[in-house]
1. Residues to consider are L90, L82; find the one that is outside any loop (DSSP other than H, G, I, E, B) and of a type outside the set (D, E).
2. Count, please, the residues in the stretch 259-295 that happen to be closer than 18 Å to V40 by Cα, in contact with a Leu (Cβ under 8 Å, 6 or more places away or on another chain) and assigned to a loop (DSSP other than H, G, I, E, B).
3. Output the residues belonging to the stretch 117-167 that are surrounded by fewer than 18 Cβ atoms within 10 Å (Cβ to Cβ) and farther than 23 Å from L192 by Cα.
4. Taking the condition within 14 Å of E28 (Cα to Cα) and modelled with pLDDT of 95 or more, does L317 pass?
5. Please verify whether the stretch 47-61 includes one or more residues that are crowded, with 16+ Cβ neighbours inside 10 Å, touching a residue at least 24 places away in the same chain (Cβ under 8 Å) and under 20 Å from A313 (Cβ atoms).
6. When residues of the stretch 213-225 are filtered for being out of contact with any His (no Cβ under 8 Å at 6 or more places or on another chain) and either acidic (D, E) or within 15 Å of E184 (Cα to Cα) (or both), how many remain?
7. Kindly indicate whether G89 is on the phi > 0 side of the Ramachandran plot and in contact with a Pro (Cβ under 8 Å, 6 or more places away or on another chain).
8. Go over the candidates F11, F31 one by one and state the one that is farther than 25 Å from A288 by Cβ and either in contact with a Ser or Thr (Cβ under 6 Å, 6 or more places away or on another chain) or surrounded by 21 or more Cβ atoms within 10 Å (Cβ to Cβ) (or both).
Amino acid sequence: MTHAPLPSLTFGAYALTPGPDADAGRAEAEFYTGLGDLPVATIELPLLGEGAPALDPEWILSTLRPEWDLMITCIPRTMMRLATSPGYGLASTDAEGRRAALADLAVARDLAHTLAAASGRPRVTAIEVHSAPGPELGSVDAFAQSLAELATWDLGGAQIVVEHCDALVPGQAPVKGFLTIDDEITAIRTVLAAQPDARLGVGINWGRSAIEGRSSETATEHVRVAAEAGLLRSIIFSGATDQATAWGPAWDDTHMAPRGESAALAASSASLLGVEEVAAALAAAGDADLAFVGVKVTARPAQASAAERLALARESLALLVGAGLELDAADAAVWIG
């Protein structure tokens with residue numbers, strides 16, 4: 001009897017790093033060195049604005065461990081573009097806005113090729129894309145057109161993961177306000193009907209789904225819907241809360257850490273994400289073909305040291321293991337005792 005490969009343990013390091021300016025760069029170096037002591041296999045890397053270090057192949061090759069795979073998320077640049085160009089996005093019904101979004105995806109594609117050539121293997125294993133600008137200035141058809149074009153590109157070994165963000169809900173102020181998960185699945189199915197070999201799937205960010213439905217149950221349901229569609233590829237656990245905290249106002253997308261028993265998780269005691277919610281999401285995934293499971297969290301206070309951030313990373317990942325995430329024996333041994 002054969003078993004499906006275990007998902008790659010994934011960490012959104014860019015959200016937790018002290019940044020290049022902290023202690024003249026020494027804090028960031030300490031952070032990434034310490035992260036190497038955890039059995040992380042994939043690092044989420046942001047597509048930021050032009051000239052950002054995370055887009056510099058030399059920075060990546062000198063800072064990130066060579067065995068780490070990379071998942072590029074396009075959400076930071078997407079939100080930057082939307083701040084000045086509301087019609088921007090892969091789902092835009094405005095031709096110029098859609099072309100601009102595809103041009104930004106070409107940056108991620110070219111980075112994937114550069115890193116593959118330098119590393120002698122594919123380094124970027126996934127590119128996370130989003131259904132901006134949402135239903136008011138976008139459509140399912142436009143999103144499907146963009147995904148169909150992306151599916152024809154040589155992405156250097158990467159698959160395309162449509163990361164669901166909070167959808168536009170009538171009467172509710174959105175954080176992102178993109179398409180519904182059902183609409184995203186419809187767009188993907190449209191592409192797969194014509195290109196059955198296209199490497200397309202859905203990614204669930206736990207916190208963003210909870211924000212959409214104002215409930216942890218929404219995140220579990222989104223995992224179930226994507227799994228039942230046969231499209232679930234990733235679950236990234238970020239927390240959310242229904243009250244104001246050090247992370248900001250209620251229902252904001254701040255990658256709040258989960259709640260837990262350890263001292264490192266004490267500050268995030270108001271998080272709706274805990275071991276029970278992680279277990280519920282993993283159960284809802286069933287036997288889905290999950291490629292990536294991990295966490296993306298931020299630290300409070302913002303001045304937290306590299307050591308404190310590493311403790312938060314360790315305990316957030318340990319929460320997944322405690323909730324039943326299956327790892328191979330060598331990786332699981334990190335958390336024993």
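1. Going through L90, L82 in turn, the sole match is L82.
2. Number of matching residues: 1.
3. Residues satisfying the conditions are A117, A118, S119, G120, R121, P122, E136.
4. Here the answer is no, as L317 does not meet what is asked.
5. Taking every residue of the stretch 47-61 in turn, at least one turns out to be crowded, with 16+ Cβ neighbours inside 10 Å, touching a residue at least 24 places away in the same chain (Cβ under 8 Å) and under 20 Å from A313 (Cβ atoms).
6. Residues that pass the stated criteria total 5.
7. In short, yes.
8. F31
The values are calculated or read from the model by the stated rules, or taken from the named source; none is laboratory data. In this text the structure is predicted, and so the values were computed from the model without any measurement. FYI the Cβ positions are ideal-geometry reconstructions off the backbone, even for glycines, and counts take in every protein chain you see.
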